[in-house]
Amino acid sequence: MSVNAPLSRASANAELSFLHRFEPGRDPAAAPLLLLHGTGGDENDLIQLGRMIAPDAPLLSPRGKVMEGGMPRFFRRLREGVFDEADVRLRAAELADFVREAREAYGLAAPVAVGFSNGANIAAALLLTRPGVLAGAVLLRAMVPLAEPPKADLAGTPVLLLSGGMDPIVPEENAARLAGQLRNAGARLDHRTLSVGHGLSQADLTLARDWLATVPTSAA
Ligand code: MLT
C-alpha cells in the first residue's frame, strides 16, 4: 500500500488526542497494531511496514507530539541517547490514554505495538509504566527508556526485541539492559540481535511477521 493512500475518514477525527491514521483490517480477529514511528517520521511512515507484517490487521498509527527541530518524536531527549525521563513518563501516559480512546472509537482489542527507534522506546516505556495497555510489542532497535522503571507486572506479555549488532545508536549493553527490565517484569521476551545497524532489514520484517502470527488477539 502506498503511503499516499487516502487517509481514512477516522484519521481526521479531531476528538482523539493524537493526530493519527487508522486503517481497518480485513480480519476483525487479528490483533490490531499500534504503529510508532522513529524520530522525524509521522503517522504514514509505518503503514506499509504494518501491512507487510500483518496483512489483515487493523492499523492504528499516531504521530508523536514532541517536535525536535521540526521532527516529530514521542518524547523529549536532552541529546542522542539521553532522555528526559519525566517527559518519557508523561508521554507514555498520554499515549496510553490515546490507545484507550482509539479502542473505544474504533472497537479494537488491545493492540500489539510495533515501534521503530524512538517509537520502540516509547513502546517499551508504555509496557513498563502501563502494563495491560498493550497486548504485546515488537521493539525494533529499542533502548532503555527509563533507568529505573516502576515495578510492572507484564506476566506472559509477548515481546519481540530486535537489536542491531552493529547499531551505532543503541549499544549492545543497553539493549541487554532493556531485555533484563522486560524479563524481570515477567514479559515473554524473544530478544534477537541481527548483524545489521540501526536501519531496518528484510530479516526484521520476516521475524516480525512470523512472530506476530503467533500472538493471540487479546480482548482485554
Ligand atoms: C532516535 O534517533 O530516535 C534515537 O535513536 C532514539 C530516541 O531518541 O528515542
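Observations on the model:
- Taken about its Cα centre, region 43-115 carries a charge dipole of roughly 80 debye when the Cβ of each Lys and Arg holds +1 and the Cβ of each Asp and Glu holds -1.
- In range of the label at Asp190: residues from region 115-147 whose backbone nitrogen is under 12 Å from the point 7 Å along Cα→Cβ: 137-139
- Cα-derived Rg over Rh, computed across region 20-212 with Rh taken as Kirkwood radius: 0.92
- Only Lys, Arg, Asp and Glu carry charge here, each on its Cβ (+1 for the first two, -1 for the last two); on that basis the chain has a dipole of about 120 debye about its Cα centre.
- Tyr106 versus Met166: modelled label distance in nm, points set 7 Å from Cα along the beta carbon direction: 3.6 nm
- Segment Met67-Arg177, length gained on full extension (0.36 nm per residue, minus Cα span): 36.8 nm
- Working from Cα pairs under 8 Å separated by at least six residues, relative contact order for the chain is 18 percent.
Taken together, the values in this text are just the output of simple stated rules run on the coordinates, not laboratory data. Values in this document were obtained by computation on a predicted structure and should not be read as measured data. Positions of Cβ are backbone-derived with ideal geometry, glycine not excepted, and every protein chain shown enters the neighbour counts.
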